[in-house]
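Contents: one structure, followed by commentary.
The values are calculated or read from the model by the stated rules, or taken from the named source; none is laboratory data. Here the structure is a predicted model, which is why all the values come from computation and not from measurement. Glycine also receives a Cβ, built like all others from the backbone with ideal geometry; neighbour counts cover every protein chain displayed. Ligands, DNA and RNA are excluded from the accessible area calculation, which covers all protein heavy atoms including side chains. Shrake-Rupley method; radii C 1.70, N 1.55, O 1.52, S 1.80 Å.
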Amino acid sequence: MTDQRCFILQVAVAAPLPELFDYLPPPQSTAPVLIGMRVLVPFGRSQRVGIIVAIAPASELTPDRLKPITQLLDTQPLLTAADISFLLWSAKYYRGFPGEAVFSALPTRLRRADRSINPPAPAIESTAIESSAIESTPIELPTLNTEQSAAIAAIHNQSGFNCFLLDGVTGSGKTEVYLRLIATTLARGGQVLVLVPEIGLTPQLQRRFTQRLNTPIAVIHSNLTANSRELAWWQVVRGTAGVLLGTRSAVFTPIPKLALVIVDEEHDVSLKQQDGWRYSARDLAVRRAQLADCPVILGSATPALESLRNAQLGRYHHLLLPRRAGTARSPQLVIADLRTQPVTTGLSHALLTRMETELNCGNQVLLFLNRRGFAPVLTCHQCNWLSNCPRCDVKLTVHRDIERLMCHHCGFSRPIPTLCPDCGGTDLRPLGQGTERVADYLRRRFPDCPIGRIDRDSTRRKGELERLLTAARLGEYPILLGTQMLAKGHHLPGVTLVGILSLDQGLHGVEFRATERMAQLLVQVAGRAGRAARAGTVLLQTRYPEHPLLLALLQQGYAGFAAQALIEREAAQLPPFSYQALLRADSRTSETAMEFLQQAATVAPALGAAELWGPAPAPLERRAARYRAQLLLQAPSRQIVQTVLNEWLPRVRDLNYPSQLRWSVDVDPQEGV
Ligand code: ADP
Ligand code: ZN
Ligand code: ZN
């Protein structure tokens, strides 16, 4: 390296700003200055931490405007140039800040200046250490069936970057396929990144991985302590852990020998970050595999329409596992028409009758109701008063166990009134039902059957979800009742009947993905039934048994539904047949938010093939006392969306608007459209 003063350091500063900043190297020091090292830099009137992302021969700034960095914080780089290029690409595509993106690859402790890079001492609580300490017991591997073998062969037959959509019904042995591929990758000295949408799914997968794979499994998700996460981070970065299992932010972890990427439940919206920097961990995982030139596997029983479209176009290899592995059989789907039979507390006569039969045979029944609490609204029978949230456009939910009315959107709560706040009447009635109310009723109806209720309220205590699920697996609860927490990924071998209390909201949702989400949820819940030797039945209660998409789903399964939904999307030119970005604004008044977006629309550059829709109020306009509006950019290609945003966003940033107004961009939005 030549004279240090002859080059410029480009630094991503930990600040919410879209630019990189140029600094001079430290004047006195002769220590090596490398890309990926952290630095302390003068910034405005304060000092900030940053990371060197590039070293350039010259700056566009005049020399008198350049300042030297205050301090070099590391003696060796924490990130490689390749890591940095992925992180900056992510920030650019999803319109995050470079500093935010680069620091999201580091454990929280290393985002601060006063910390050295020495790994922390191992603590007892660390999941990473725990899992590596467990002896892997030799267990008998199942013999792969034809489809599993074919999928594995197809993946092994390709080299370098390739994307595989592993489209396999629930219980078809996708995880078994992952395990075999991971084992091969580890044997060749590679590391594997496995992303899952939910924290709840990690302990189960972690257990299976630990039993089968001869490597420490590093786990990273937001429910772990910072210390555990950091230990896991070091295990991955040092290469001692062969597998990193994590939720969406784990996609940013540096993995020196990355040779395989797996995204399980790839359709799940939880893989998209919904606030701050709105990135899709699934799509970034694909990008990351591309940069690492390794295979990526997207697994699901209900692939996103985007992924199916990519498979149709030949961008992804479509691998099918159409039947259940081993001896398990697929469940039978039955409809219960809610319009033509008595319904008690949301439970149809048909469902209650079947429950009785199954419970009498000692079988397990799972009921799905995507609504927690006792009832979704309290009303006054005398004056029709409704329990509205004072801060949002929604009703307050009645929670009997804590005797409060609660808003599920902003957290507002108040005691359940005994008198009507409007007319003083005493006849207040909860309308409709949530899991609490259904559980109450079932306790009276089936007094000998303990009920396992699984929703956010019943699992608030740490470890409670795991405890309930384990007890459920062991058959301690003949009746299981839950929200979508119960729908995903959990293996419940004793369940022979699944009752879906209602999915009708999904058939008439305002968002264009509502039916897709409904179909995915239905198939996921249905997949809990009959996973072991016993066949299962899924009973779906609905008021719309003739809905065409519902019929397609019932008669032809998810693939039939998806085929039809894709035709509708194409006719409407909606994603995946177009690409979107959403400009959102929220403010204390509806007018301010709308006016800001109106102004934003007027400074939009030439749109070409793109279109702007709106501004319009968001689907739930008032939330937490703020009014939300949005402006939709839609175009026939990603490239056009990006080109428009490149020109447009700097102009939006320069608009005049009140400081209380907030705005954000969501590229490839999954919610609100
Ligand atoms: P998925 O991930 O698709 O839901 P899993 O891999 O969890 O499916 O497999 C479901 C069950 O079937 C598991 O208990 C698994 O051990 C078992 N299994 C998987 N593949 C086979 C096979 N080829 N033969 C027998 N059992 C299998
Ligand atoms: Zn009243
Ligand atoms: Zn509210």
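Listing for the model above:
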item: Cα-Cα pairs of the chain separated by more than 44 Å (percent); result: 27
item: In Hz, Karplus ³J(HN,Hα) per residue of region 339-348 (6.51, -1.76, 1.60; θ = phi - 60°; x = Gly, Pro); result: 7, 10, 8, x, 10, 10, 6, x, 10, 6
item: Of all accessible heavy-atom area on region 579-667, the percent that carbon and sulfur account for (1.4 Å); result: 50
item: Coarse-grained scattering of region 579-667 at q = 0.20, 0.26 Å⁻¹, given as base-10 log I(q)/I(0) from a Debye sum over alpha-carbon atoms; result: -0.87, -1.31
item: Accessible surface of region 389-522, 1.4 Å probe, proportion on carbon and sulfur as whole %; result: 50
item: Over region 617-673, equivalent-ellipsoid semi-axes from the Cα gyration tensor in Å; result: 23, 17, 7
item: DSSP bridge orientation in region 131-321 - percent antiparallel, rounded to nearest 5; result: 5
item: Semi-axes of the equivalent ellipsoid for region 389-527, Cα gyration tensor, largest first, Å; result: 29, 21, 15
item: Crossing angle, helix 202-212 versus the chain [Cα axis fit, 0-90 degrees, rounded to tens]; result: 80
item: For region 131-321, the spread of Cα positions along each principal axis, largest first, Å; result: 45, 44, 28
item: Cα gyration tensor category, rounded, prolate or oblate, for region 219-270 with a/c compared to 1.5; result: oblate
item: Alpha-carbon centroids, region 235-300 and region 506-580: separation in whole Å; result: 27
item: For region 579-667, with +1 on Lys and Arg beta carbons and -1 on Asp and Glu, the positive-most of 639, 580, 604 along the dipole; result: 580
item: Integer Hz, Karplus 6.51/-1.76/1.60 couplings in order for region 248-260, x for Gly and Pro; result: 3, 5, 4, 4, 8, 5, x, 10, x, 10, 4, 9, 7
item: Dipole magnitude (debye, nearest 20) for region 131-321, charges at Cβ of Lys, Arg, Asp, Glu; result: 400
item: Region 4-111: equivalent-ellipsoid semi-axes (sqrt of 5 x gyration tensor eigenvalues, Cα, Å); result: 20, 15, 13
item: Rounded to the nearest 10 Å², the accessible area of residue 356 at probe 1.4 Å; result: 70
item: Pairs beyond 23 Å (Cα-Cα), from 92/257; 92/272; 257/488; 272/395; result: 92/257; 257/488; 272/395
item: Accessible solvent surface per residue of the chain, calculated while the other protein chains remain in place, 1.4 angstrom probe, Å²; result: 44
item: Extension gain from residue 445 to residue 431, taking 0.36 nm per residue of separation minus the Cα-Cα distance; result: 3.0 nm
item: Built amide H within the under 5 Å cut-off of residue 536, gap 5+; result: 332
item: Surface share of carbon and sulfur [accessible, 1.4 angstrom probe, percent] for region 131-321; result: 48
item: C-alpha long axis of helix 514-526 to longest principal axis of the chain, angle in °; result: 70
item: Principal-axis tilt of helix 464-473 within the chain, Cα atoms, nearest 10 degrees; result: 50
item: Size of electric dipole in the chain: Cβ of Lys, Arg +1 and of Asp, Glu -1, about Cα centre, debye, nearest 20; result: 840
item: Positive-end residue of 368, 349, 399, charge dipole of region 305-414 with Cβ unit charges; result: 368
item: Residue (of 26, 104, 11) at the positive-pole extreme of region 4-111, dipole from beta-carbon charges; result: 104
item: GluC sites (Glu not before Pro) restricted to DSSP loop in region 480-573 with at most 11 other C-beta within 10 Å; result: 546
item: Exposure of residue 476 as accessible area (Å², to 10), given a probe of 1.4 Å and all protein chains; result: 100
item: Residue-averaged 222 nm ellipticity for the chain, from DSSP H runs of 4+ at -39500 (n - 2.57), nearest 500; result: -9000 deg cm²/dmol
item: Point-charge dipole on Cβ atoms (K/R +1, D/E -1) for region 1-111, about Cα centre, debye to 20; result: 320
